[in-house]
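Student: Sharing a structure below in structure tokens format, with a few things to ask.
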Amino acid sequence: MEIFVDFGLFELLVVSGLGVWAVRAYRHRMVAAACLLTSVVAPAVLVWLADGTLVRWTAAVALGTALINVSVIVRSLEPRHRWSSEEES
């Protein structure tokens, strides 16, 4: 049972704050590139430094999900193209 009866308000505020921070961070290309690079490099280093098999596989799974997340975020950062019927003909 929860000690604080806040009905998830604290968690909602934290997630909202992280969302606002992410929107502001990803507006700037250099900050976005640094965040994305860090999210890929950290698991890659863990794969390289891992001693045991279980730790290495866990780091490899983290690297795989980081690569998928980076590909989705990079795709969403690209400018949208408006394709009109005039350009098709």
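What follows is calculated from the coordinates using simple rules that are stated; it is not laboratory data. Just so you know, these numbers come straight off a predicted model, no measurement behind them. Here Cβ is always computed from backbone atoms with ideal geometry, including for glycine, and neighbour counts include all displayed protein chains.
Student: What FRET efficiency comes out for the pair L18/L49, r = Cβ-Cβ distance, R0 = 30 Å, nearest 0.05?
Tutor: Calculated transfer efficiency: 0.60.
Student: Could you derive backbone 3J(HN,Hα) for region 47-61 from the dihedral phi with the Karplus parameters 6.51, -1.76 and 1.60 (θ = phi - 60°), listing whole Hz in sequence and x where the residue is Gly or Pro?
Tutor: 3J(HN,Hα) across region 47-61, in whole Hz: 4, 6, 8, 5, 8, x, 5, 5, 5, 5, 5, 5, 5, 5, 5.
Student: According to the Kirkwood expression over distinct Cα-Cα pairs, how big is the hydrodynamic radius of region 29-78, in Å?
Tutor: One decimal place: 11.3 Å for the Kirkwood radius.
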